[in-house]
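Okay, so here's the structure we're looking at.
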Amino acid sequence: MLRWPLVTGAGFALLAVMAGAFGAHGLRSMVSDRALDVFQTGVTYQMYHALALVLVYLLAGRRLSRRLLGWAAGFFLAGIVLFCGSLYLLVLTGAHWLGPVTPMGGLCFMVGWALLMAAGVRQRAKQEEV
């Protein structure tokens, strides 16, 4: 069974809660409202996709393609690192060169969801063949 998405997803969910608290309490007086919004976007997307990793774990016990689920989880993980990580670093360091990295992370999120959808479609097609 794919266990790593559960552990990774729970870890990233924990970090999202911690980052959200840091943003709400530690960053508020240090950065602009716009920067705080950008940081919060990273927190929100991190939580969504941490939960997506947990969902992949839960779906792995069903008759879905483990290969597709594993790839979906990998893209969710890459998206968290690239999308959320670049937003966090942009706010914390002001390194604007990170801007082009963010859409690559967004693309990883989209690919992850498409792979998860493909796993569901493929599972339904297999059931109809039987």
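Is it the case that some residue within the range 93-101 is assigned to a helix (DSSP H, G or I) and either among the hydroxyl-bearing types (Ser, Thr, Tyr) or under 20 Å from LEU6 (Cα atoms) (or both)? Within the range 93-101, one or more residues are assigned to a helix (DSSP H, G or I) and either among the hydroxyl-bearing types (Ser, Thr, Tyr) or under 20 Å from LEU6 (Cα atoms) (or both). With respect to (1) assigned to a helix (DSSP H, G or I); (2) within 21 Å of ALA119 (Cα to Cα), the lone exception for MET18 is condition (2).
Among the residues of the range 44-56, none qualifies, meaning not one is touching a residue at least 12 places away in the same chain (Cβ under 8 Å) and farther than 18 Å from PHE76 by Cβ. Restricting attention to the range 26-61, the residues that are surrounded by fewer than 19 Cβ atoms within 10 Å (Cβ to Cβ) and in contact with a Phe, Trp or Tyr (Cβ under 8 Å, 6 or more places away or on another chain) total 2. Condition first: over 14 Å from the mean Cα position of the chain (by Cα) and outside any helix (DSSP H, G or I). Can you find one or more residues in the range 65-82 that meet it? There is at least one residue in the range 65-82 that is over 14 Å from the mean Cα position of the chain (by Cα) and outside any helix (DSSP H, G or I). Among residues of the range 86-105 that are in contact (Cβ under 8 Å) with a residue 24 or more places away in the chain, those with a Cβ under 9 angstrom from a residue that is in a helix (DSSP H, G or I) and exposed (fewer than 13 other Cβ atoms within 10 Å of the Cβ), sequence gap 6+ or separate chain, pair up as LEU90/HIS96.
Read the figures in this text as sums done on the coordinates, not as results from a lab. Remember, it's a predicted structure, so these values are computed and weren't measured experimentally. Glycine also receives a Cβ, built like all others from the backbone with ideal geometry; neighbour counts cover every protein chain displayed.
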